[in-house]
1. Going by amide H atoms built from the backbone, whose H comes under 5 Å of the H on E263, apart from near neighbours?
2. When ranked by the protection proxy of mean other Cβ atoms within 10 Å per residue, highest first, what sequence do the peptides 223-231, 52-60, 7-15 form?
3. Over the range 147-275, what is the relative contact order in percent, taking alpha-carbon pairs closer than 8 angstrom and at least six residues apart?
4. Would you mind working out the accessible area per residue for the range 1-79, using a 1.4 Å probe, and quoting it in Å²?
5. How far apart, in nm, are two points set 7 Å out from the Cα along the Cα-to-Cβ line at H179 and at S59?
6. Can you give the FRET efficiency for A201 and A12, using 1/(1 + (r/R0)^6), R0 = 51 Å, r = Cβ-Cβ distance, to the nearest 0.05?
Amino acid sequence: MPRPASLPVAFAAACAGIALYSVMDALMKGLALAMGAYVALFWRLAVGAGIMVPLFALSGPRMPARHILLVHFLRSAIIAVMAIAFFWGIARVPLAEAVALTFIAPLIALALAAIFLKERIGARSVLASLLGLSGVGVILAGRIGGTHDDDTQLGMAAVLTSAVFYAVNLVIARHQAQHARPIEIAFFQNLFILGFFCLPAPWLLTMPAATHWPAVAVAAALAIVSLLLLSWAYARAEAQVLLTVEYTAFIWAALMGWLFFRETLTLGAIAGTLLIVAGCLLAARRQAPQIESEIASA
């Protein structure tokens, strides 16, 4: 059981991880528009593997048990599908809209956490997720309207597909983080996903222009730091406490969309963001009384 004092720190680490990942999403959207989602992801993973190999070697590594290695492989396979679907989708859908669509994932993951991790889903956690989801609804009501072309519709379908895989990933992340160090998780995830992406490389891979390499390198570094922070956080707090943190991604997506892609912020986006933040605060406060009562009864 995590110490009560570690819960606010884990929550803050998860928030930071989501923020960094959102900046990486914006960089990857630009790269996907420039060279295609597969090529952008392949080279980001290749640079990430180059970063992780020496870090893992210096961490005093040991080969994980077979069942943990299988967890690394399974989560990597899920993330590979999730990533290509998401980055292909955001090349066709505004960044903030795409991130908003992924917010079905925490609700799916809450149910999966109850089924597979045997976590008790309290009323406050459900209310926090519904509050966050209502914020998404407000945002979508103001942002998604009118007629979309076929390419946009396909992009939205890809993002929704990614959200389903992301929900499974969130639950596996909690189990994985309890049995492996963040450095080990980041190393094997980069290695396995890169292996999956090598399969179609003879037909799809191209070399990026020199001007794109700085963005590729920064995206790889941000992805690794974000993964380390989230892995650390999920090892110290229940999935249902951290899931609502995912909603803060919209705040960052809206900001990145405005800075890099000239997407405008609306009153609906601001109102929805306030609801999302309220949901996160509710989820963050949910755990402390339960932990205190468990300690008192121990």
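The values are calculated or read from the model by the stated rules, or taken from the named source; none is laboratory data. Since this is a predicted model, take the numbers as computed values, not measurements. So basically every Cβ, Gly included, is an ideal-geometry build from the backbone, and we count neighbours across all protein chains shown. Surface accessibility is based on the protein's heavy atoms, side chains included, excluding ligands, DNA and RNA. Shrake-Rupley method; radii C 1.70, N 1.55, O 1.52, S 1.80 Å.
1. W258
2. 223-231, 7-15, 52-60
3. 32 percent
4. Spelled out: the 1.4 Å probe surface of the range 1-79, per residue, equals 45 Å².
5. Result for the modelled spin labels: 1.7 nm.
6. 0.85
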